[in-house]
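A.B. asks: For reference, the structure I am asking about is given below.
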Amino acid sequence: MSDLDKKIKVHASYITKEYDLIQKKSDKLKSLFGTSKEEIPQFWALKGVSFDVFAGEAVGLIGINGSGKSTLSNIIGGIIPPTSGELIISGETSIVTIGAGLKNPLSGIENIRLKCTMSGMNNKEINENIEEIINFADLGDFIYQPVKSYSSGMKSRLGFSIAVHQNPDILIIDEALSVGDDTFYQKCVDKILDFKKEGKTIFFVSHSLGQVTKLCDKTIWMHYGDLKAFGPTNEVIDEYKKFTKWFKSLSKEEKKEYQTKYKSEQSSFSLENLYDKEVTKKQESTLLLRSERKDLQSKLQRNQVGDNMKNSTKIILVCLILLTLLFSVISFSGKSLTFFLENPIVFIQKHVTKSKKSLTENKVKSSTQKPVSESTTEKEKSSTVESSEVFQSSNEMKKYTVLPGDTWSQIAYTNNISVEELLEANDRLETDSLHSGEVINIPEIFNQSGEN
């Protein structure tokens, strides 16, 4: 059957993926808010990948470390969103990586139920399939032990067994067979071949060219974020072997220079440059219609999912932060929320005044600090005695005219004194009612330096 007669299961067009190279924790917050975005270096793991995969095909994903294989498989599996591009998936996907989605504190059998539930299976379907999943994984009594005690091979067994028994339309295997023994590997190969016969689509990520050759009809060669080649497996692997042979023949300095060049291209890549490049390429072969330009522009629009926060989200987050700070200030001030709601202006004025006083006192202390010497000891003693006398005797009064709505506690709080001190200054024993226009005394208590 030709490709034209088959159904396309995965259509990828200009898929890109950008990562922020976070250097500090504050950079993560900046990237979410979209502020100082240009200050954070970017790295493009994918730089415009396009391909079509048909029903019943097994496609290998090969390439050196850091080429974008796992990023592409995670995007196809729906684990991470692309930065731009068009991705159409026809059917349910299931991805198998070593330990992916397994919860370490849970036992193997608990993980089976959890992952099957998350995939949409109900309890009846889980009960019908659980024995088959356990038998395929072949973990023995370890199926009842916490996954944190499993080896890499055991996690791979369990993950693969759960994934294939969810009956996905598209199965993605990312290095999951590299840690298994020969017996389990052959069991997996047989299952993959059964899937192919059923018309299911398979993506197989591996560094083992032998496994790829045996299992895959076509192969994608990823190279520093680009799709280097895509075609029949034997042809692509032959090209890949030629490259690896050439690369190994380079000196250490030449290898480093080659890698640095391609990594710098991944850092300097942009969607605008990709658009210009594709327009130029298409115009060389045919006249590019306006509709084609518009379609290309839409595919190269940055996807907001997983990128910066929306403006509405930013506003909500800022409001929550301000409310948290406000409640903290009210709590530490010793006042109730009711008092703040009734006297917001008085509360704010009070704390502004206290902040100014605190700053002034700190400045005075820092400016009057001098090195201690034996010759100044007597002067310091005498000045201390004089200051204490001033502090004790400098209690003065000022007059205040009562305004409508004033209370004893409010006036005391505004003037940074206690209610008892205010009552004593006015020869009152109780906080009886105040009358608008009444003049009362407010004590002015001075500190040691003579400042109010």
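The values are calculated or read from the model by the stated rules, or taken from the named source; none is laboratory data. Predicted model only: the values in this text are computed from it and were never measured. For neighbour counting, all protein chains shown are included, and Cβ atoms are generated from backbone atoms with ideal geometry for every residue, glycine included. Heavy atoms of the whole protein, side chains included, go into the accessibility calculation; ligands, DNA and RNA do not. Shrake-Rupley method; radii C 1.70, N 1.55, O 1.52, S 1.80 Å.
A.B. asks: Considering only protein heavy atoms and a probe of 1.4 Å, how much of the accessible area of segment 212-254 is carbon and sulfur, as a whole percent?
C.D. replies: For segment 212-254, the apolar C and S fraction of the accessible surface comes to 52 percent.
A.B. asks: Please quote Rg/Rh for segment 133-206 to two decimal places, taking the Kirkwood radius as Rh and restricting both calculations to Cα atoms.
C.D. replies: Working: Rg = 12.2 Å, Rh = 12.7 Å.
My calculation puts Rg/Rh at 0.96.
A.B. asks: While we're looking at this one, here's another question. Would you work out if segment 192-282 is rounded, prolate or oblate? Take a ≥ b ≥ c from the square roots of the eigenvalues of the alpha-carbon gyration tensor; rounded if a/c is under 1.5, else prolate when a/b is larger than b/c, oblate otherwise.
C.D. replies: Oblate, because a/c is 1.5 or more while a/b does not exceed b/c.
A.B. asks: Given axes a ≥ b ≥ c from the Cα gyration tensor, I'd like to know whether segment 253-308 is rounded (a/c under 1.5), prolate (a/b larger than b/c) or oblate. Please list the in-between numbers first.
C.D. replies: Values: a/c = 5.15, a/b = 1.50, b/c = 3.43.
It is oblate, given that a/c is not under 1.5 and a/b is not larger than b/c.
A.B. asks: Pairs to check: 69/187; 103/197; 6/200; 115/148; 9/197. Give those whose C-alpha atoms are more than 21 Å from each other in this structure.
C.D. replies: Cα-Cα > 21 Å for 69/187; 103/197; rest within.
A.B. asks: Please work out the ratio of the alpha-carbon Rg of segment 135-255 to 2.2 N^0.38 Å and round it to two decimals. Walk me through the numbers before you get to the answer.
C.D. replies: Details: Rg = 17.2 Å, N = 121, 2.2 N^0.38 = 13.6 Å.
Here the answer is 1.26, to two decimals.
A.B. asks: Same structure, new question: Just to verify a number: what accessible area does residue 216 come out at with the full protein assembly present, 1.4 Å probe, Å² rounded to tens?
C.D. replies: For residue 216, the solvent-accessible surface is approximately 10 Å².
A.B. asks: Moving to a separate point now. For 326, 320, give me the order by solvent-accessible area with a 1.4 Å probe, most accessible first, ignoring ligands, DNA and RNA.
C.D. replies: 320, 326
A.B. asks: As a test question: what accessible area, to the nearest 10 Å², does residue 277 have when a 1.4 Å probe is rolled over all protein chains in place?
C.D. replies: Accessible area, nearest 10 Å²: 120 Å².
A.B. asks: Same structure again: Over segment 186-298, what is the relative contact order in percent, taking alpha-carbon pairs closer than 8 angstrom and at least six residues apart?
C.D. replies: About 13 percent, as a whole number.
A.B. asks: Also, I was wondering about something else. Give me the number: length gained by fully extending residue 297 to residue 86, i.e. 0.36 nm times residue separation minus the C-alpha to C-alpha distance, one decimal in nm.
C.D. replies: Here the answer is 74.8 nm.
A.B. asks: With the crude spin-label approximation of a point 7 Å out along Cα→Cβ, what separation in nm comes out for residue 416 versus residue 403?
C.D. replies: Once both label points are built, they end up 1.9 nm from each other.
A.B. asks: OK, next. In whole Å, how far is the Cα centre of segment 247-287 from that of segment 72-129?
C.D. replies: 34
A.B. asks: Right, another one. Taking 0.36 nm per residue of sequence separation and subtracting the Cα-Cα distance, how much length would be gained by fully extending the chain between residue 152 and residue 279, in nm to one decimal?
C.D. replies: Using 0.36 nm per residue and subtracting the Cα-Cα distance, I get 41.1 nm.
A.B. asks: Shifting gears a bit: If I model a spin label at residue 79 and residue 253 as a point 7 Å from the Cα along the Cα→Cβ vector, what separation in nanometres do I get?
C.D. replies: Once both label points are built, they end up 4.0 nm from each other.
A.B. asks: Ignoring ligands, DNA and RNA, please state the percent of accessible area on segment 138-208 from carbon and sulfur, probe 1.4 Å. Could the numbers behind the result be given before it?
C.D. replies: Details: 1310 of 2920 Å².
Looking at segment 138-208 in its full context, I get 45 percent from C and S.
A.B. asks: If you roll a 1.4 Å probe over the heavy atoms of the protein chains, what accessible area per residue do you get for segment 186-296, in Å²?
C.D. replies: 61
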